[in-house]
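Student: Provided herewith is a single structure, encoded as structure tokens, for subsequent inquiry.
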Amino acid sequence: MRATSQPGKRVSFRLRENMQLYLIMLPVLLHIFIFSYIPMYGIVIAFQNYYPGKPFFSFESANWVGLQHFIDFFSGPYFGRLMRNTFLLSFYTLVFGFWVPILFALLLNELKSGIFKKFVQTASYLPHFISNVVVAGMVLSFINADGIINAMVKLFGGESTVALNTEAGYFPAIYTITNIWKSFGWSSILYLASMSSVDPHQYEAAKMDGANRFKQMLHITLPSIRPTIFILLIFAVGNLLSANSEFILLIYNPMVYETADVIGTYLYRDGLLGGNFSSGTAVGLFISLINFSLLYIANTLSRKYSDYALW
């Protein structure tokens with residue numbers, strides 16, 4: 001009888017031992033359930049002609065329109081432009097910005113001066129905490145006809161003055177550079193945390209074998225952050241249709257719509273300002289499904305070829 005009761009006692013002991021962890025997780029799980037799962041029933045308005053005050057689950061035949069809002073969006077005049085701009089702006093940020101925090105973390109990890117290292121680290125974090133409104137104001141003041149960029153062009157002998165905020169061709173570069181500057185320091189935290197877990201004896205052994213600083217970084221430091229790189233890359237691919245719409249709304253204007261208008265800005269104008277809540281929900285649902293599909297594909301390929309995956 002004693003032998004048969006032991007497994008039950010062990011399970012009970014583990015539950016009591018982990019109770020504190022469960023209690024710590026409870027507020028987070030409640031927050032996710034209340035604000036992420038319960039509101040999902042509102043998705044039904046993507047298949048309705050909804051207006052505020054109307055019940056979500058009305059059974060009137062005129063209230064349900066099926067896939068009409070999706071069809072209207074796909075066949076609309078802005079579909080091609082919105083998809084192209086959203087994908088390209090996110091793709092530029094991924095291609096030109098994903099490796100920047102990795103390189104920055106690798107270089108920062110090589111600094112031996114503690115005071116200078118902390119100063120550089122803190123300075124790189126600061127842009128992340130600056131409001132998008134402030135950053136947008138700074139960018140617009142720089143790219144105006146009388147801004148600092150044109151002033152520097154004149155200083156070096158240039159004569160033509162270009163208002164970059166009205167030139168559609170310059171917008172992707174302005175958006176990409178600003179996003180990289182604002183996020184690279186904060187994004188490097190995870191890589192630096194991964195590097196801190198590397199056993200120092202590995203560096204000592206490599207040094208005794210004749211490896212210089214570059215080879216140590218290449219063969220010890222970089223492999224140590226490889227799992228983090230793959231996981232963050234999966235998330236980045238899953239957000240290829242999620243450009244920073246808030247920032248774009250603050251710096252774009254009708255003259256640059258050709259390269260700046262993305263799905264998020266279209267949803268703001270048509271869904272919120274225009275009061276078309278059903279069509280806005282339909283477009284948002286469509287983008288969410290595309291992003292999830294990209295995330296699933298990226299995770300599957302990563303698990304197949306690198307053994308690193310989210311699930």
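Student: So if we plug the beta-carbon distance of Ser197 and Met138 into 1/(1 + (r/R0)^6) with R0 = 25 Å, what FRET efficiency do we get, rounded to 0.05?
Tutor: Numbers: r = 37 Å, r/R0 = 1.47.
Using R0 = 25 Å, I get an efficiency of 0.10.
Student: Which FRET efficiency value, to the nearest 0.05, is calculated for Ile38 and Arg81 with the Förster distance at 30 angstrom and r the Cβ-Cβ distance?
Tutor: Values: r = 35 Å, r/R0 = 1.16.
Efficiency at R0 = 30 Å is approximately 0.30.
Student: A follow-up question, please. Using a probe of 1.4 angstrom, how much of the accessible area of region 191-311 is carbon and sulfur, in percent? Intermediate values should be presented prior to the final figure.
Tutor: Values: 4180 of 6590 Å².
So the carbon and sulfur contribution to the accessible surface is 63 percent.
Student: Let me ask you something else. Rounded to two decimals, what is the ratio between the C-alpha radius of gyration of region 126-209 and 2.2 N^0.38 Å? Could the numbers behind the result be given before it?
Tutor: Values: Rg = 20.4 Å, N = 84, 2.2 N^0.38 = 11.8 Å.
Against the empirical 2.2 N^0.38 Å value, I get 1.72 for region 126-209.
Student: Over the Cα atoms of region 128-265, how large are the radius of gyration and the largest Cα-Cα distance (Dmax), in Å?
Tutor: Answer for region 128-265, Rg first and Dmax second: 21.0, 62 Å.
Student: Sticking with this one: For Cα pairs less than 8 Å apart in space and 6+ apart in sequence, what is the mean separation divided by the residue count of region 31-85, i.e. the relative contact order in percent?
Tutor: 28 percent
Student: So what is the relative contact order for region 77-305, in percent, with contacts set as C-alpha pairs under 8 Å and at least six apart? Each step should come with its number before you reach the end.
Tutor: Details: 213 pairs, mean separation 72.1, N = 229.
About 31 percent, as a whole number.
Student: Please work out, to two decimal places, the log10 of the ratio I(q)/I(0) at q = 0.16 Å⁻¹ from a Debye calculation in which every Cα of the chain carries one identical scatterer.
Tutor: -1.37
Student: Could I ask something else about it? What's the tally of Lys pairs in the chain whose alpha-carbon atoms lie under 23 angstrom apart, where the two lysines are 8 or more places apart or on different chains?
Tutor: Values: Lys112/Lys207; Lys112/Lys215; Lys117/Lys182; Lys117/Lys207; Lys117/Lys215; Lys118/Lys182; Lys207/Lys215.
Lysine pairs, 8 or more places apart or on different chains, close enough: 7.
Student: Can you tell me which of Glu204, Glu167, Glu246 moves the most in a GNM of the chain? Springs connect C-alpha atoms under 10 Å apart.
Tutor: Of Glu204, Glu167, Glu246, the most mobile in the Gaussian network model is Glu204.
Student: Separate question: Counting only heavy atoms of protein chains, what accessible area per residue, in Å², does the chain have with a probe of 1.4 Å? Can you show the working numbers first?
Tutor: Values: 19390 Å² over 311 residues.
With the other protein chains kept in place, the chain gives 62 Å² per residue.
Student: Ignoring ligands, DNA and RNA, please state the percent of accessible area on region 17-84 from carbon and sulfur, probe 1.4 Å. Don't jump to the answer; show the numbers that get you there.
Tutor: Numbers: 3700 of 5090 Å².
After summing per-atom areas, the C and S share lands at 73 percent.
Student: Below 14 angstrom from the Cβ of Thr281, what's the summed charge of the other residues (Lys, Arg +1; Asp, Glu -1)? Before the final figure, lay out each step's value.
Tutor: Details: positive: Lys54; negative: Asp72, Asp270.
Here the count lands on -1.
Student: Quantify how much of the Cα-Cα distance distribution of region 43-130 extends past 23 Å, in percent.
Tutor: On the way: 2262 of 3828 pairs.
Percentage above 23 Å: 59.
Student: Fully extended, how many nm does the chain gain between Trp186 and Arg14 (0.36 nm per residue separation, minus their Cα-Cα distance)?
Tutor: Numbers: separation 172, 0.36 × 172 = 61.92 nm, distance 3.72 nm.
Taking Trp186 through Arg14 to full extension adds about 58.2 nm, to one decimal.
Student: From the residues Thr122, Val133, Asn299, which one has its Cα farthest along the dipole of region 77-305 in the positive direction, the dipole being from +1 and -1 charges on Cβ of Lys/Arg and Asp/Glu about the Cα centre?
Tutor: Sorting the options by dipole projection puts first Asn299.
The values are calculated or read from the model by the stated rules, or taken from the named source; none is laboratory data. None of these values were measured; they are calculated from a predicted model. When we count neighbours, we look across all protein chains shown, and the Cβ atoms used for this are built from the backbone with ideal geometry, even at glycine. These area figures cover heavy atoms from the full protein model, side chains too; ligands, DNA and RNA do not enter into them. Shrake-Rupley method; radii C 1.70, N 1.55, O 1.52, S 1.80 Å.
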